[in-house]
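Peer 1: There's a structure below that I have some questions on.
The values are calculated or read from the model by the stated rules, or taken from the named source; none is laboratory data. These numbers were taken from a predicted model, which means no experiment stands behind them. No Cβ is skipped: glycine too gets one built from the backbone with ideal geometry, and neighbour counts run over all protein chains shown. Keep in mind that these areas ignore ligands, DNA and RNA; they rest on the heavy atoms of the full protein, side chains included. Shrake-Rupley method; radii C 1.70, N 1.55, O 1.52, S 1.80 Å.
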Amino acid sequence: MKQTILIGDISSYKAIVICHFIKRHYPQIEILTFDTKKFTKNIRTKYGSKHFVIEPTRMEEQIRSIVSDYQIRFFIPVINDRLQVFWANKTNYAGALDYLGDFSSYQILNDKGKLYQLAVQLGIKVPQRYDRIENAVFPFVIKPVNLSSAKGVMYIRSAKDLPDKVPEHLIIQQYIPGTGVGYSFYCKNGKIRKGYGHRRLAEYPVSGGSSTYREGYQNPEMEKIASQITGHLKYTGFAMFEFKLTAQNELFLIEVNPRIWGSVNQGLENGVNYFEGMFGKPPVSLAKRKRERKTYLSPLIYRSLWKYLLRLESGPLTYFIKNTGNNIPDVAFTSDPKGYLSLLLRKLL
C-alpha cells in the first residue's frame, strides 16, 4: 500500500537527510515537503515529489489542509518550535502525528528544569545546579530552560565572562569537563526500538555548540539511563540524550532533545533505521559497512575546524584528514546541489 508523508522545514539539513534516507530505502513512499522560506519554491532537495511554501501566520491551517487533501500518513516536522505547536494539537492532523505520544512527556524532556528534577528523582548523575550566579562556582554554564542547538548558552570560566545582565528563566549549572557523547533512538511506550550512540569530534561554536563531526560510540550505560527516563514517562517519539563523559569514565546527563536530532545521519549511515517502527522493514536493505562511517555537517565543519586551529587545537582537523576516505557529509553538493544550496540560504535569508 502506497504511503504519502510530509516533511519540513525542508531547508533544514535534518529534513534533507531524512528525505534522502527514505527515498533510498522506501522507494514506494511518496515524499511531500514544506517550508516557510520562499526560495525553496525553486531551490530545495531533489528527494521530494511535491513542495509547499507555507505562510508562517497560517501554518497550522495550511498544514491541516495538506494533510487532509493528500491523505498524509505521517507528518514529520523537524524544527523544535514547530514541533511543539503541532504536537500540542496533534489530534487536528488526522492521525499523521500518532507516531508521537503524550505531549506532557515531551514537555518534561524538553524543559531542562523539569528534566533535572526527574533525573535527580531517579538517581541519575547531572551537573550541580545553582539558584543564583552569586552562589555558582567557576567554571559554570548559563543556559535557557528550553532552547535547542546551544542557543543562548554562556560558558562562564571566570569573573570576566560574566554578562552585564542575566535574563530571567535561565539555568545555572556546574560545567562538566569531558567529551560530548549521545544516545539517539525512536521510542514506543517507553521502550527503545532502535538506538545508536555517538561521540562528538568537532562542534560549532567550538566552545560548546552543535556537533559538526561525529563517530560511533557505544556505551550500555547511556541506553540504561535513557531507558530509565523514557520508561518512567512512557515516552513515545524520537529523542537524543546528551551526556558528558569525564576522564574518570563517568556519564553526566546534560539534556535531552525530544525530537529528530542534528546528528541523525550518523546512525542512518551506519545501519540504524530509526523509522522502522513507523514504516516497517524497508524494501531496500540498509548497507552493511566494513568500517563505520563518520559523518559531518558541511560546510559548517570547515568553519569549525578553522576555529579549532585558531585556538591552537589541531586534533579535530588532524582526525578529519586522517579519516578522509571514511567521512561522509550529511548533505553533499555533488549528489544534491539544490538541497545543499538551500541549507546555505536558510542561514542567510
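Peer 1: State all residues of the stretch 1-55 that are more than 23 Å from the chain's Cα centre (by Cα) and closer than 22 Å to Ser210 by Cβ; if no residue qualifies, say none.
Peer 2: Across the stretch 1-55, there are no qualifying residues.
Peer 1: Select from the stretch 283-295 the residues that are at pLDDT 95 or above and over 20 Å from Ile10 (Cβ atoms) and write down the one among them that is most open to solvent (accessible area, probe 1.4 Å).
Peer 2: Filtering the stretch 283-295 for residues at pLDDT 95 or above gives 293-295.
Imposing the further condition that a residue be over 20 Å from Ile10 (Cβ atoms) reduces the set to 293-294.
Working: Arg293: 69, Lys294: 22 Å².
Out of the qualifying residues, it is Arg293.
Peer 1: Looking at (1) in a strand (DSSP E or B); (2) at pLDDT 90 or above; (3) crowded, with 18+ Cβ neighbours inside 10 Å, which one does Lys143 not meet, given that it meets all the others?
Peer 2: (2)
Peer 1: If the requirement is being more than 25 Å from Tyr175 (Cβ to Cβ) and either of a type in the set (Ser, Thr, Tyr) or open to solvent by less than 50 Å² (accessible area, probe 1.4 Å) (or both), which of these qualifies: Leu349, Leu345? Quick ask: steps written out before the conclusion?
Peer 2: Numbers: Leu349 fails: either of a type in the set (Ser, Thr, Tyr) or open to solvent by less than 50 Å² (accessible area, probe 1.4 Å) (or both).
Exactly one residue qualifies, and that residue is Leu345.
Peer 1: Next question. Criterion first (modelled with pLDDT of 95 or more, open to solvent by less than 80 Å² (accessible area, probe 1.4 Å) and assigned to a helix (DSSP H, G or I)) does Ile328 satisfy it?
Peer 2: Numbers: modelled with pLDDT of 95 or more: yes; open to solvent by less than 80 Å² (accessible area, probe 1.4 Å): yes; assigned to a helix (DSSP H, G or I): no.
No, not satisfied.
Peer 1: Taking the condition of being open to solvent by 40 Å² or more (accessible area, probe 1.4 Å) and assigned to a loop (DSSP other than H, G, I, E, B), how many residues in the stretch 44-78 meet it? So that I can check it myself, show each step before the final result.
Peer 2: To start, the set of residues in the stretch 44-78 that are open to solvent by 40 Å² or more (accessible area, probe 1.4 Å) comprises 44, 46, 49-50, 53, 55-58, 60-61, 64-65, 68-71, 73.
Then drop every residue that is not assigned to a loop (DSSP other than H, G, I, E, B), which leaves 44, 46, 49, 55, 70-71, 73.
Result for the stretch 44-78: 7.
Peer 1: While we're here: Name the residues in the stretch 160-206 that are touching a residue at least 12 places away in the same chain (Cβ under 8 Å) and either among the acidic types (Asp, Glu) or assigned to a helix (DSSP H, G or I) (or both), would you?
Peer 2: Glu203
Peer 1: Sort out which residues of the stretch 201-254 are open to solvent by 10 Å² or more (accessible area, probe 1.4 Å), of a type in the set (D, E, K, R) and in contact with a Leu (Cβ under 7 Å, 6 or more places away or on another chain), and write them in order of number.
Peer 2: Glu215, Glu221, listed by residue number.
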